[in-house]
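Have a look at the structure below, then the notes.
The values are calculated or read from the model by the stated rules, or taken from the named source; none is laboratory data. In this text, all values refer to a predicted model and were calculated from it rather than measured experimentally. We place every Cβ from the backbone using ideal geometry, glycine too, and count neighbours over all the protein chains shown.
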Amino acid sequence: MKILIVEDEDLAVKKLRKNLMSVAENAEVVGVTDSIKATVEWLHENPHPDLILMDIELADGQSFEIFNLTEVRSPVIFTTSYDEFALKAFKVNSLDYLLKPVQKEELQAALNKYQKLKVSSDGNVNLDNLVKELQQKLKPKTFRKRFLVKHAQKLASVEISDIAYFYSDGRLNFFKTNDNKKYVVDYTMDELEDMLDPEIYFRISRSFYVSIDSVEKIDDYFGNRLILGLTPAVDKEALVSREKVTDFKNWLGK
């Protein structure tokens, strides 16, 4: 399996080489390029490899530009330093995306996926739609700046910076403002996920989004969970579910 590595960080190249050798004995790195320009030239001058490991951010721009400048007939595994929120949106059937630093187990899984893809498609992989989708996803994402809610038979506009947290109570979803006012919000918790800036709000459970400024106190809770003291006070337990604890601590520590 002949592989081209497109990566502008020497340490990342060394790690990829090492991991490749340990997970794929038949892997041969036939070239390493560190820029859009160098990659286009390499592809013009050499037979297309079986697989390309390609970093998204290169010194001279995003590697998607390569596809505008030359035909890429090889399947590609993108590597990226984008965080897990962006990475989740990148997962598609035809390509794969690995979060840097690339781990051996993840690389092994991606290579297995490509072996299956090669068999099922006779090696023909159409990248055009995937590249367009990724370019769209990588555009700066905008989040809600305000919510329009009903209050005293009228509509009121509440700035996102004034909202302390969102939560479900029965069949309704609410948010509380920093000055302790409570409003019904006409969106599901899942719909709110795409509206709220993950730097500011974190979903601690199926029924709670908290802002970083609303977390006043954190205590251990049975079942390897955490219980939060929020400001303003909330009339139900704000529990960080067990599977969210590690991510929650990382979010607080950013």
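Here are a few things to note about the model shown:
- Scanning region 229-246 for residues that are in contact (Cβ under 8 Å) with a residue 60 or more places away in the chain and small (Gly, Ala, Ser) yields a total of 1.
For every residue, the table says whether it meets (1) farther than 28 Å from GLN153 by Cβ; (2) in a strand (DSSP E or B).
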{"residue": "MET195", "(1), (2)": "no, no"}
{"residue": "TYR209", "(1), (2)": "no, yes"}
{"residue": "GLU216", "(1), (2)": "yes, yes"}
{"residue": "GLY229", "(1), (2)": "yes, yes"}
{"residue": "LYS249", "(1), (2)": "yes, no"}
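- Given (1) modelled with pLDDT of 70 or more; (2) exposed (fewer than 15 other Cβ atoms within 10 Å of the Cβ), number of the condition ASN129 does not satisfy: (1)
- When PHE202, PHE166 are checked against the criterion of being within 23 Å of the chain's Cα centre (by Cα) and closer than 24 Å to GLN153 by Cα, a single residue qualifies: PHE166.
- Here region 143-173 is the region considered, the condition is being in a strand (DSSP E or B) and touching a residue at least 40 places away in the same chain (Cβ under 8 Å), and the residue that is surrounded by the fewest Cβ atoms within 10 Å (Cβ to Cβ) is ASP169.
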